[in-house]
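K.L.:
Before I ask anything, here is the structure I am working with.
The values are calculated or read from the model by the stated rules, or taken from the named source; none is laboratory data. Since the structure is predicted, the reported quantities are computational estimates derived from the model, not experimental observations. All Cβ positions, even for glycine, are placed from backbone atoms using ideal geometry, and neighbour counts span all protein chains on display. Accessible surface is based on the protein model in full, side chains and every heavy atom, while ligands, DNA and RNA are left aside. Shrake-Rupley method; radii C 1.70, N 1.55, O 1.52, S 1.80 Å.
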Amino acid sequence: MTPKSRRDDGRLKIAIQKSGRLSEKSFALLEKAGISLLKSKDQLLCRARNFPLDIFLVRDDDIPAFLVNDVCQLGILGQNTMLETKLLDPQTFGGLEQVIELGFGRCRLSIATPNDMSYDGVESLAGKTIATSYRGLLADYLARQGVAADIVTMEGAVEVAPRTHLADAICDLVSTGNTLISNGLTEQECILESQASVIQNNGMQDDLRALSEKLLARITAVLRAENSRYIMLNSPVDSLDEIKAILPGSQSPTVMPLQGRDDMVAVHAVCEEEVFWQTMEDLKARGATSILVVPIEKMLD
Ligand code: PRT
Ligand code: ZN
């Protein structure tokens, strides 16, 4: 059961995973968005000191229910969990929507078979039994592929199912692939690529919408800053166009004169993607000098 709605206090509520693979990065994201949290003994609720926001600390699987019951307006959840929840109960959870992809908690939902099972494409699964915690996503995938297989739902330790003869194959989340390898399984089909995302229930009340938009704008700005670099270099006037063209993801660099030099100018640019060593070497090869790449802490247009 979820707690009674407390939305009438005018504070925005966000649900994040209490402990697990998403919790540390969810907290860190809120902190980077300028939210300073009051430490509390409450195991469920944490208040922000400098923003009208309450943070509910819950199991990730409970986050969709917190949203549809209007206990919280926002949540941070793996796309895998959100899509599975919607597929299993579209009537209750159909209104959940993703608002921002966060770039952490990346994994894929894949079908894997024992190393010694002959596998020749997804048709090889016809008539087999597949163990998974993602019945909705797996059933949807098999139906789209036109393959009839039996699904056994397991809450955890899915990777041991073939060894214990509970199933012929499995469908589970994979990140490094080590769990599959150490259980003698081979990844065959990736049925979903997933990452953490901010979700909301469509039809948010007007009084909280403005607060939500403000928080989401800050989160977007944090993600942009994290993915951007500020690059400074000196460029020969003659190769300025070429140098500007290879600055990754930069729109209009600032070009400034260098005192006492007619042949060189200073170039400053925000690059909205990673600046690789190769790019720096390419810049240098075109005559750029004093190339500096620095992280950006905050960024707002
Ligand atoms: O207690 P609560 O219900 O909140 O947590 P949980 O146990 O349900 O979830 P948790 O913390 O394990 O995962 C939360 C979310 O992290 C998932 O829903 C995914 O969105 C994301 N995520 C990213 C992963 C993984 N990577 C991951 N590797 N979730 C689980 N795994 C497991 C996978 O199930 C398998 O057992 O890790 C194992 C495989 O990892 P590798 O690295 O060996 O391939
Ligand atoms: Zn869970």
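K.L.:
Please verify whether Leu74 is within 16 Å of ligand 2 (Cβ to nearest atom) and not charged (D, E, K, R), treating the condition exactly as stated.
P.N.:
Working: within 16 Å of ligand 2 (Cβ to nearest atom): no; not charged (D, E, K, R): yes.
In short, no.
K.L.:
Now, a different point. Can you list residue pairs whose Cβ atoms sit under 7 Å apart, with the first residue in the stretch 169-195 being closer than 19 Å to Tyr119 by Cβ and the second being aromatic (Phe, Trp, Tyr)? Count only pairs 6 or more apart in sequence or on different chains.
P.N.:
Matching pairs, first to second residue: Cys171/Tyr134; Gln188/Tyr119; Ile191/Tyr141.
K.L.:
Can you find a residue that is within 28 Å of Gln79 (Cα to Cα), surrounded by 14 or more Cβ atoms within 10 Å (Cβ to Cβ), of a type in the set (Val, Ile, Thr) and within 29 Å of the chain's Cα centre (by Cα) anywhere in the stretch 257-272?
P.N.:
no
K.L.:
In addition: Could you please give the count of residues in the stretch 171-191 that are more than 10 Å from ligand 1 (Cβ to nearest atom) and within 24 Å of the chain's Cα centre (by Cα)? Outline the logic, then answer.
P.N.:
Step one: list which residues in the stretch 171-191 are more than 10 Å from ligand 1 (Cβ to nearest atom), which gives 171, 184-186, 188-191.
Cutting the leftovers down to within 24 Å of the chain's Cα centre (by Cα) gives us 171, 188-191.
Result for the stretch 171-191: 5.
K.L.:
If Gly156 satisfies all but one of (1) outside any strand (DSSP E or B); (2) in contact with a strand residue (DSSP E or B) (Cβ under 6 Å, 6 or more places away or on another chain); (3) closer than 18 Å to Gly78 by Cα; (4) of a type outside the set (Phe, Trp, Tyr), what's the number of the condition it fails?
P.N.:
(2)
K.L.:
In the stretch 209-247, how many are open to solvent by less than 60 Å² (accessible area, probe 1.4 Å) and within 24 Å of the chain's Cα centre (by Cα)?
P.N.:
First, the residues of the stretch 209-247 that are open to solvent by less than 60 Å² (accessible area, probe 1.4 Å): 211-212, 215-217, 219, 221-223, 225, 228, 231-236, 239-240, 243, 246-247.
Right, trim to within 24 Å of the chain's Cα centre (by Cα) and you get 211-212, 215-217, 219, 221-223, 225, 228.
Counting residues in the stretch 209-247 that are open to solvent by less than 60 Å² (accessible area, probe 1.4 Å) and within 24 Å of the chain's Cα centre (by Cα) gives 11.
K.L.:
How many residues are within 13 Å of ligand 1 (Cβ to nearest atom) and open to solvent by less than 30 Å² (accessible area, probe 1.4 Å) when one looks only at the stretch 10-56?
P.N.:
Counting residues in the stretch 10-56 that are within 13 Å of ligand 1 (Cβ to nearest atom) and open to solvent by less than 30 Å² (accessible area, probe 1.4 Å) gives 7.
K.L.:
Only one of these conditions is not met by Asp172: (1) part of a strand (DSSP E or B); (2) buried (at least 19 other Cβ atoms within 10 Å of the Cβ); (3) away from ligand 2 (no atom under 16 Å from the Cβ); (4) not assigned by TED's automatic domain parsing to the domain that holds Ala15. Which number is it?
P.N.:
With (1) part of a strand (DSSP E or B); (2) buried (at least 19 other Cβ atoms within 10 Å of the Cβ); (3) away from ligand 2 (no atom under 16 Å from the Cβ); (4) not assigned by TED's automatic domain parsing to the domain that holds Ala15 applied to Asp172, the lone miss is (3).
K.L.:
Here's something else I'd like to know. Return yes or no: is Glu193 open to solvent by 60 Å² or more (accessible area, probe 1.4 Å), modelled with pLDDT of 95 or more and either in contact with a Cys (Cβ under 9 Å, 6 or more places away or on another chain) or part of a strand (DSSP E or B) (or both)? Even if it seems obvious, please write down each step before you answer.
P.N.:
Numbers: open to solvent by 60 Å² or more (accessible area, probe 1.4 Å): yes; modelled with pLDDT of 95 or more: yes; either in contact with a Cys (Cβ under 9 Å, 6 or more places away or on another chain) or part of a strand (DSSP E or B) (or both): yes.
In short, yes.
K.L.:
Right, here's the next one. Would you confirm, using the coordinates I've provided, whether Leu109 is of a type in the set (A, V, I, L, M, F, W, C), in contact with a Ser or Thr (Cβ under 7 Å, 6 or more places away or on another chain) and open to solvent by less than 30 Å² (accessible area, probe 1.4 Å)?
P.N.:
Working: of a type in the set (A, V, I, L, M, F, W, C): yes; in contact with a Ser or Thr (Cβ under 7 Å, 6 or more places away or on another chain): yes; open to solvent by less than 30 Å² (accessible area, probe 1.4 Å): yes.
Yes: the conditions hold for Leu109.
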